[in-house]
Amino acid sequence: MKTIISPSILSADFANLERDIKLVERNGADWIHVDVMDGHFVPNITIGIPVTAALKRVASVSLDVHLMIENPEKYAQDFIKAGADVLTFHYEAMQNDEEVFKLIRLIKAHGVKAGLSIKPKTAPEKVLPFLAEVDLLLVMTVEPGFGGQKFIPECAQKIKVIRKNAPSTLIVQVDGGINAETGRVCRDFGANSLVAGNYIYKSADIKSAIESLRS
Ligand code: DX5
Ligand code: ZN
């Protein structure tokens, strides 16, 4: 399976989001990663529902929406309506396993890919029960909340546990501190989708940066 590259627009120029989406699209981006933060689940506030809907109007590739919010079940339908093609929520934001299953099923019932994410301190074993149902498992390689942080190598080890226990169709994604070098480590462990913000958007040559994440 080809590696899915998902540039994070958290590192784009927020006054020029359309321009910056097109910039990565014409240089090989497969998806656009949209980081939604609520100031509760993480200590930062970023993009919400109306901005996601506006991004949908200008993006030609899939919107990969990463919810870093409490009560994701309350807002999932709104993000689906706004145009999320992939909708990922955090395991740590849920009350119990039953609620996780319910939300995965609700997202998939709308024809949207369902993603589940774990923070650095969450053991991969916690999400094994969901691997047969979820479309994507996002292993965070930094504490969620901010772009431009340093990759935590121990987190990448979790990819192996996930991959070993997952159906071959599962997309295993990593997010946080990804560059050519850390991206390769994650791909070697079995990740097949890389999110990168600073590495792509702060690069002088966007095309080479995206290509370097694949090779
Ligand atoms: C962090 C976000 C990431 C962030 C990655 O909480 O989930 O998607 O934009 O940024 P970089 O690639 O710069 O670490
Ligand atoms: Zn993200």
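The values are calculated or read from the model by the stated rules, or taken from the named source; none is laboratory data. Computed from a predicted model, the values in this text were never measured in an experiment. Cβ coordinates were reconstructed from backbone atoms using ideal geometry, including for glycine residues, and neighbour counts include every protein chain displayed. Just the protein is used for accessible areas: all its heavy atoms, side chains included, with ligands, DNA and RNA removed. Shrake-Rupley method; radii C 1.70, N 1.55, O 1.52, S 1.80 Å.
Points worth noting:
- Scanning segment 168-191 for residues that are under 11 Å from Thr3 (Cβ atoms), open to solvent by less than 60 Å² (accessible area, probe 1.4 Å) and charged (D, E, K, R) yields a single hit, Arg187.
- Boolean, Val34 is out of contact with any Lys or Arg (no Cβ under 6 Å at 6 or more places or on another chain), part of a helix (DSSP H, G or I) and buried (at least 19 other Cβ atoms within 10 Å of the Cβ): no
- Any hit, segment 8-17, residues being in a strand (DSSP E or B), among the acidic types (Asp, Glu) and either modelled with pLDDT of 95 or more or touching a Leu at 6+ places or on another chain (Cβ under 9 Å) (or both): no
- Yes/no for Asp135 being more than 14 Å from ligand 2 (Cβ to nearest atom), touching a Lys or Arg at 6+ places or on another chain (Cβ under 8 Å) and open to solvent by 30 Å² or more (accessible area, probe 1.4 Å): yes
- Taking segment 192-215 as the range and being open to solvent by 70 Å² or more (accessible area, probe 1.4 Å) and in contact (Cβ under 8 Å) with a residue 24 or more places away in the chain as the test, the residues that pass are Lys202, Lys207, Glu211, Arg214.
- All conditions in (1) open to solvent by 30 Å² or more (accessible area, probe 1.4 Å); (2) within 12 Å of the chain's Cα centre (by Cα) hold for Lys2, with the sole exception of (2).
- Residue count for segment 117-141 satisfying the condition of being in a strand (DSSP E or B) and out of contact with any Leu (no Cβ under 9 Å at 6 or more places or on another chain): 2.
- Whenever a residue of segment 42-58 is surrounded by 15 or more Cβ atoms within 10 Å (Cβ to Cβ) and of a type outside the set (A, V, I, L, M, F, W, C), its partners that are part of a helix (DSSP H, G or I) and at pLDDT 95 or above, lying with C-beta atoms within less than 7 angstrom and at least six residues away or across chains, give the pairs Thr46/Leu10; Thr52/Phe79; Thr52/Ala82; Lys56/Ala82.
- Residue match in segment 153-167 (condition: among the hydrophobic types (A, V, I, L, M, F, W, C), within 14 Å of ligand 2 (Cβ to nearest atom) and open to solvent by less than 60 Å² (accessible area, probe 1.4 Å)): yes
Rundown of residues vs (1) within 14 Å of ligand 1 (Cβ to nearest atom); (2) assigned to a helix (DSSP H, G or I), yes/no style:
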| site | (1), (2) |
| --- | --- |
| Glu143 | yes, no |
| Gln149 | yes, no |
| Ala156 | yes, yes |
| Pro167 | no, no |
| Val172 | no, no |
| Gly183 | yes, yes |
| Cys186 | yes, yes |
| Leu194 | yes, no |
| Tyr199 | yes, yes |
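- Of the residues Ala53, Ala84, Ala114, Ala76, the single one that is touching a helix residue (DSSP H, G or I) at 6+ places or on another chain (Cβ under 9 Å) and part of a loop (DSSP other than H, G, I, E, B) is Ala84.
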